[in-house]
Each structure stands twice: as structure tokens, then as C-alpha cells.
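The values are calculated or read from the model by the stated rules, or taken from the named source; none is laboratory data. Computed from a prediction, not measured in an experiment: that's the story for all the values here. So basically every Cβ, Gly included, is an ideal-geometry build from the backbone, and we count neighbours across all protein chains shown.
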Amino acid sequence: MPHARAFSSNGESATPPDLGESASVCSDSFAEIPWDHHSEQPYPIRHRRGILTRLRYAWLDYLKTGLLALLFLPLIAITQLGLTSGYRPRSWIRPRQEPADFAGLAVALHSCDGPRLAEEINELGVRRILLRIPTWELDRLDEYLAFMDAIPDCHIVVCIMQNRSDVTELDRWRRQLRTIIEACWPRVTEFQIGQGSNRSKWGFFSTEEYLRFASVAEELRSDFPEIAFVGPGTLDFETMPLLRALVHGYPIRWDAVGCALYIDRRGSPSGRQLLFFNLRQKILHFASCVRLANKAERRFWITEVNWPLENQGPYSPTGEEDCISEEATAAYLTEYYKTAMDTGLVERVYWWQLVSKGFGLIDVEDDGSLRRRPAYYAFKALLEEENART
């Protein structure tokens, strides 16, 4: 197994804990979910938390989520049918026609140092950046601010990433959230609150936990005029947790609905799930949920997407069976962006990420040098389409 670092609140490296087969989901040991620095995500913990354990812990929220989905399913279907036939709500925030305002990059200061990453971003010419800042890296805030200063022409959204301790200790989360927002303000006015709200490895064991966690952000609106919150940051095509995070009675209100709509296990964007849902229909389905939300503006962003690359070993975020070639990634990237823009319902799409051995537009060679992959040039061609038309 590759080297792992537990992403604890102090940011220090730690040996992954032995959670034990009988460990409770409420145990403090889950505050130390191991971090895989190769694939830039936490290690899965579902093998330690079977379905019965999850049900015992959050059965009431699962029941609420299921009943909500049953209640809204007919409305979602009717709304999706209307969107499929061409109906577009007048209040919906639509994508701008300029590809450079639509196509963005999600990045982190892990696979590549800040100055080098900033140089690549400036050379690529991308305007929209979603920057991950983990709460366990508060000691690196000056690094992140210097990186922002190095890309002055970019519009930046900050994704504030959490660990399990932030979810269970809301006072500490409240302090960390304010620290990050104060440091970035007013250079940054849009913040994604948390990541992976439907994944236990990201520290959330129920959507209700996430809503309590996210609602802390709502307390800051009076102190930061014009601040915008993005969420719920759900991963993959999962309707029930998304709907639960959009239709609720908690304080948090989303100024933009952001989801990481990965489709890599279906192959190309035209590949179907459940016989019907290709990328276009998945977007229409999610947009239907946003249309019916009581706690969200009519804005929809795709905050992460990529395809894992074959033969990358531990750097791949998924199993080898889901990985594809660099050439196929370039073709899928173009198809994904064009499909999303053609719906008229997605305001922005962020590719995760620019520099990464397992899934980036740029590879990191063994000697530390950078190699631009075919997907890099496909992304650059998208950005330059605006200039080609003028």
C-alpha cells in the first residue's frame, strides 16, 4: 500500500490508525481517516463500516432521504421531461457563450508547487480556478495566498476541505472556516463548503451531518457582504443525497449548486447508466433537482470531473478497470464540455486537475519534469475557440 498520511486537524503526518473491526462510527479514530497523497483523496473506510453499522448510526436520516426522494420523484421526472423538450426556466443562470468563462480548472498545491503551478495556469490561459484549501493546512495559508497573487487574471473559487473532526466539532470548524475566509477575502468571494458530502471517507456519515456542518457558514453572511456559498459537493450521479441537501429546513442556502459529476465508470459521456442516463440526461436530472430546491439559487456548476489514466499504479484514484488512455481522455474531455454547455443549464465545469500523475492534464515525470498530455491540448483548444470565432 502506498504511503498514507492521516489528515488530522493539525496537518501533521501520522500512521493510519488501526480502527478495528468493532470500532464504532462515532469513535474518535474516524477523525484520523488516512489520506492518500498519490490520488489526493482520503482512503475509503467502507470496509470498516458495513451497511448495518451505517443504518444504526444514521437510519433516521436515511429514512428521511428515501421518503423525500419518493415524494419528489414524480416532480423530478416531469421537470426533466420539460427540460428534455427544450424548456428552460427564465430565472436560471445560464452559461456564457465564451468558453473561457465556462471551462475552469480545479487545482491543489500538492502535486506541484505553487509558483510552478501558477506559471502553467498563466501559460494555459484558463480564467476560472477552483482552489482546494484543506482545514488541516492552515499553516500553509501564506502559500495559498501567494499562489492566488501569482494568477491575478483568474477568477478563483475556494473549496474548503474538511476532515471528520471538523464535522463533529463544529466550534473548531467555525474558527477554521472564518480563518480561511478572512485570509482570502476579498480576493475570493465564492466558497465551496466542504467536499464529498455523500462519502464517509470525506468525514460525513449522513447528509444531515453535512447540513449541520454547512449551516455554520450561513452565520458569516452578515460579516462578509456579497459572499457566495457553493454546495453540497456530492460525488457522482447520486440523486438522493443531492436532493436531501437542496430540500431541507437547515439555515444553509446555496448561492450556486455544485456537484462533482464523475461519469468515468460509464466510459464516454454518451455512455448510459440505468439504460437511460447519459451525461446530457444526468445534467437534466440534476438540474431538475435544483429547479425544485427550496434552499438554492438556480445556478448549477460541475465542480469536478476527470477520467483516471491507465498504467499509473497508486496514482490512479480508481481501479485499473476504470482507467483509460491519454488519447481517449482528450476526446472525452471535449465531448463532456460541449455536452454540458449545449444543455444551457451548467454555468461552469471545472476539470480536476491541471498537474497530476494519475489524472492531470499535465503529467509529473519521475525526474520531476512536466509533460503535457493530449487532454491539455484539448482543453486549450476549448479555451481558444472564442478567439477562433472572432
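When restricted to residues that are part of a loop (DSSP other than H, G, I, E, B) and in contact with a Leu (Cβ under 7 Å, 6 or more places away or on another chain), the range 224-238 contains 2.
The single condition among (1) assigned to a helix (DSSP H, G or I); (2) in contact with a Cys (Cβ under 8 Å, 6 or more places away or on another chain); (3) closer than 20 Å to ARG199 by Cβ that LEU130 does not satisfy is (1). A search for C-beta distances below 6 Å between a residue of the range 85-103 that is farther than 11 Å from ARG127 by Cα and any residue that is modelled with pLDDT of 90 or more and surrounded by fewer than 17 Cβ atoms within 10 Å (Cβ to Cβ), counting only pairs 6+ apart in sequence or on different chains, returns ARG88/GLY344; ARG94/GLY344. Within the range 255-280, the set of residues being more than 30 Å from SER215 (Cα to Cα), within 20 Å of the chain's Cα centre (by Cα) and hydrophobic (A, V, I, L, M, F, W, C) comprises LEU279 only. Considered as a group, the residues in the range 220-251 that are of a type in the set (S, T, N, Q) and touching a helix residue (DSSP H, G or I) at 6+ places or on another chain (Cβ under 8 Å) include one that is nearest to LEU292 (Cα to Cα), and that residue is THR239. For the range 134-171, the candidate set comprises residues that are polar (S, T, N, Q) and either over 19 Å from the mean Cα position of the chain (by Cα) or modelled with pLDDT of 95 or more (or both); within that set, the residue that is surrounded by the most Cβ atoms within 10 Å (Cβ to Cβ) is GLN162.
Of the residues that sit in the range 172-197 and are farther than 12 Å from PHE213 by Cβ and of a type in the set (Phe, Trp, Tyr), which one is surrounded by the most Cβ atoms within 10 Å (Cβ to Cβ)? Going through the qualifying residues, I end up with PHE191. Please indicate, with yes or no, whether at least one residue in the range 243-266 is among the basic types (Lys, Arg), farther than 30 Å from ARG127 by Cα and touching a strand residue (DSSP E or B) at 6+ places or on another chain (Cβ under 8 Å). No, the range 243-266 contains no residue that is among the basic types (Lys, Arg), farther than 30 Å from ARG127 by Cα and touching a strand residue (DSSP E or B) at 6+ places or on another chain (Cβ under 8 Å).
Return the residue satisfying two criteria in turn: it lies in the range 218-276 and is touching a Pro at 6+ places or on another chain (Cβ under 8 Å) and of a type in the set (A, V, I, L, M), and of such residues it is surrounded by the fewest Cβ atoms within 10 Å (Cβ to Cβ). Filtering first and then ranking leaves ILE263.
Does ARG348 qualify as being crowded, with 19+ Cβ neighbours inside 10 Å, touching a residue at least 60 places away in the same chain (Cβ under 8 Å) and within 23 Å of SER91 (Cβ to Cβ)? Yes.
Considering ILE156, ILE180, which residue is outside any helix (DSSP H, G or I), over 30 Å from LYS64 (Cα atoms) and in contact (Cβ under 8 Å) with a residue 12 or more places away in the chain?
Values: ILE180 fails: outside any helix (DSSP H, G or I).
Exactly one residue qualifies, and that residue is ILE156.
Could you say whether any residue in the range 139-148 is in a strand (DSSP E or B) and closer than 23 Å to LYS380 by Cα?
Going residue by residue through the range 139-148, those that are in a strand (DSSP E or B) are none.
No, the range 139-148 contains no residue that is in a strand (DSSP E or B) and closer than 23 Å to LYS380 by Cα.
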